[in-house]
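Heads up: the structure comes next, in structure tokens.
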Amino acid sequence: MNTRILLVGIALASGAAQGQNLFANPGFEDAITFDGPPFVGFWEGFSAGGNAFAANSTTNPLSEMFHADISILGDDNSFAGVFQDVPGLAAGQEVTFSGWHARGSLVLDVGIEFRIEWRDSVNNVEISRTFNMTTAPASTAYEEFAMSAIVPAGADSARVVYAIQTFGGDGPTNSGTIYLDNMSFVPAPSALGLLAAGGLVASRRRRAN
């Protein structure tokens, strides 16, 4: 009985660890960087165009003091965004990428896209990527967004991207601002952990009977 309880405890601890947020700096309280690889442990910003940028801001945080401000101001064929690499994944894991976004401008004449790019970190190559989610926030109030996916064979890390762009003729001004806060990347609890939990419940029921 003691051995069974020990094994169950180990499995449950493993499952709990997998249920934790793997993003560093999920609320953008630390600075967005622009210094190149590696991209683990922080948010890296990117942009193209004279009036496109990604930056930390205190204008309208969902919580704490800072949030991310991603903006394009009147530039055609421009883009801007943030991304972060998450290491230590295993093929077959289910993960959920989520966060909160809001319009930083009432006019949003930009396209939205967020996705997961699956990578082989040993060979530094992309294996595949999810489709782009393009759902934009409807107002200046924060709304939650989320997407779930399975880690494909050959991938051991994820490059998680949120960006805006003006390639698609989304409006006459080619302008818009998105605020991001409280980002999350969470693997589902392992099957072993769930089975162990079920076994523990069943064992307690047998003892109770």
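The listed residues are Glu117, Glu126, and the only one of them that is under 12 Å from the mean Cα position of the chain (by Cα) and either assigned by TED's automatic domain parsing to the domain that holds Gly74 or surrounded by 18 or more Cβ atoms within 10 Å (Cβ to Cβ) (or both) turns out to be Glu117.
For segment 149-177, a residue qualifies if it is in contact with a Phe, Trp or Tyr (Cβ under 8 Å, 6 or more places away or on another chain) and closer than 25 Å to Leu62 by Cβ, and the qualifying residues are Ala149, Ala158, Arg159, Val160, Val161, Tyr162, Ala163, Ile164, Gln165.
Starting from residues that are among the acidic types (Asp, Glu) and surrounded by 17 or more Cβ atoms within 10 Å (Cβ to Cβ), keep the ones in segment 70-107 and report whichever is modelled with the lowest pLDDT. Taking the candidates together, the pick is Asp75. For segment 156-209, filtered to residues that are of a type in the set (Val, Ile, Thr) and either surrounded by 14 or more Cβ atoms within 10 Å (Cβ to Cβ) or modelled with pLDDT of 95 or more (or both), the residue that is farthest from Ser47 (Cα to Cα) is Val186. Is segment 38-55 home to any residue that is under 18 Å from the mean Cα position of the chain (by Cα), under 14 Å from Thr177 (Cα atoms) and either of a type in the set (D, E, K, R) or in a strand (DSSP E or B) (or both)? Scanning segment 38-55, I find at least one residue that is under 18 Å from the mean Cα position of the chain (by Cα), under 14 Å from Thr177 (Cα atoms) and either of a type in the set (D, E, K, R) or in a strand (DSSP E or B) (or both), so the answer is yes.
Every listed requirement among (1) modelled with pLDDT of 95 or more; (2) surrounded by 16 or more Cβ atoms within 10 Å (Cβ to Cβ) is met by Ala138 save one, (2).
The values are calculated or read from the model by the stated rules, or taken from the named source; none is laboratory data. Please read all numbers here as calculations on a predicted model, not as lab measurements. So basically every Cβ, Gly included, is an ideal-geometry build from the backbone, and we count neighbours across all protein chains shown.
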